[in-house]
């Protein structure tokens, strides 16, 4: 029986890899910043607050593992935008908030305004996730000194794959919305919506044109989001599952 494809909020292999990376980071810290580690542990035993400990210990750091910290921060950015992506899908799955339906005096069609906002944010989250994933993989590749040709090919292949997705698919949809015009605005120009509105003197809802006409139904938008979310869930699961097999002791700080 074929296993059902299912998107999950948390990617297990991502957190497994994050734990492995943090363990290697602690080794780097203890090897390269011994004074910091010694002082930090002493003050912890004294029961001082983390704020107080940091005030006393941070000045002891020499920056020898800054490159690793940069890598760890880059990984957290990937996790952050996956979280954002899952949250926007969850919001679209829920009903329109009642306060928008009954209390808003700004929009005449609150449901579409709410859907339009979440659709825009969905594409922002997808684009940001792709960018952060590319950045992380590039940083990891630069730090990882592997004798394995297959590992190097994996990293290069993942970077290339995500770049293609970002540049040939996501940017095609997102860039016009961000830099040029709202979603599907060119369709309404080609179909002469503007001319018909001018001759009818229908000026009031120019801005609602995009929301009322440019978006698919909520169910169709949600299906698209879920499909793309599932594709990324499976891709990220595969990437971090493979990264968990890499020997992180080969990471180099120089």
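Observations, loosely collected:
- Checked against (1) under 25 Å from residue 238 (Cβ atoms); (2) in a helix (DSSP H, G or I), residue 9 meets all criteria but (2).
- Index of the failed condition, residue 138 passing every other in (1) farther than 19 Å from residue 83 by Cβ; (2) modelled with pLDDT under 90: (2)
- Here residue 6 clears all of (1) on the phi < 0 side of the Ramachandran plot; (2) free of Cβ contacts under 8 Å to residues at least 12 places away in the same chain except the condition numbered (2).
- Of all residues in the range 136-168, those that are part of a helix (DSSP H, G or I) and buried (at least 18 other Cβ atoms within 10 Å of the Cβ) total 12.
- From the list 41, 83, the one residue that fits, being within 30 Å of residue 218 (Cβ to Cβ) and assigned to a helix (DSSP H, G or I), is 83.
The values are calculated or read from the model by the stated rules, or taken from the named source; none is laboratory data. Computed from a predicted structure; not experimentally measured. Quick reminder, even Gly has a Cβ in these numbers, built from the backbone with ideal geometry, and neighbours come from all protein chains shown.
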